[in-house]
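Novice: Shown below is the structure under consideration.
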Amino acid sequence: MNFFSDIFSNNILWVSVLACFLAQFLKIFSGDKRVEISRIIISGGMPSSHSSFVSCMSTMIGLKYGFSSDIFAIAAVVSTIIMYDASGVRQAVGKQATILNQLIEDWQNNKEIKQEKLKELMGHTPKQVFFGAILGILIGLIF
């Protein structure tokens, strides 16, 4: 069975994973003007690793199979949906978390009830998605 050797030799997959990890690594340096190692495992932040991952994949598929191929069209559509979700839906969830945390804090000031704060940094700004996509495209072009 060549299943595992096929997966481990899939250049598009592993270069896309590299683009994702590179974006996560760069987040270490995009905090509040200091290096924060813990940012390597967060969702959200600059640049978007989701965008980097899927744009690298789409670029490499386009280069290998042609930008007019059906497989590139599928990759581009899936990538667009993922980037839209990263900037739209997940950003809205982050805003809701901010509001809920404020409600909890206000409630706590009147009553002594401890509540766990929700994670607020869930999604990406369009700028973060854009730079993640650019990073992914560049990595895809380099490899």
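The values are calculated or read from the model by the stated rules, or taken from the named source; none is laboratory data. As the structure is a computational prediction, the values presented were derived from the model and not from experiment. Cβ placement follows ideal geometry from the backbone for every residue including glycine, while neighbour counts extend to all protein chains displayed.
Novice: For segment 23-32, state whether one or more residues are farther than 14 Å from His124 by Cα, among the charged types (D, E, K, R) and not in a helix (DSSP H, G or I).
Specialist: yes
Novice: Please list, ordered by first then second residue, the pairs with beta carbon atoms under 8 Å, 6 or more apart or interchain, first in segment 62-75 and part of a helix (DSSP H, G or I), second exposed (fewer than 13 other Cβ atoms within 10 Å of the Cβ).
Specialist: Going by the 8 Å Cβ cut-off, the qualifying pairs are Leu63/Leu141; Phe72/Gly66.
Novice: Further question: Could you list, in sequence order, the residues of segment 33-59 that are of a type in the set (A, V, I, L, M), part of a helix (DSSP H, G or I) and over 10 Å from the mean Cα position of the chain (by Cα)? Before you say what the answer is, go through the steps one by one.
Specialist: If we filter segment 33-59 for residues that are of a type in the set (A, V, I, L, M), which is where we start, we get 35, 37, 40-42, 46, 54, 57.
Pick out the ones that are also part of a helix (DSSP H, G or I) and you get 37, 40-41, 54, 57.
Result: Ile37, Ile40, Ile41, Met57.
Novice: With respect to Gln96, determine if the residue is of a type in the set (S, T, N, Q) and modelled with pLDDT of 80 or more. Even if it seems obvious, please write down each step before you answer.
Specialist: Numbers: of a type in the set (S, T, N, Q): yes; modelled with pLDDT of 80 or more: no.
So Gln96 does not fit the description; no.
Novice: Right, another one. In segment 1-22, how many are exposed (fewer than 14 other Cβ atoms within 10 Å of the Cβ) and of a type in the set (Ser, Thr, Tyr)?
Specialist: Summing the residues that are exposed (fewer than 14 other Cβ atoms within 10 Å of the Cβ) and of a type in the set (Ser, Thr, Tyr) in segment 1-22 gives 2.
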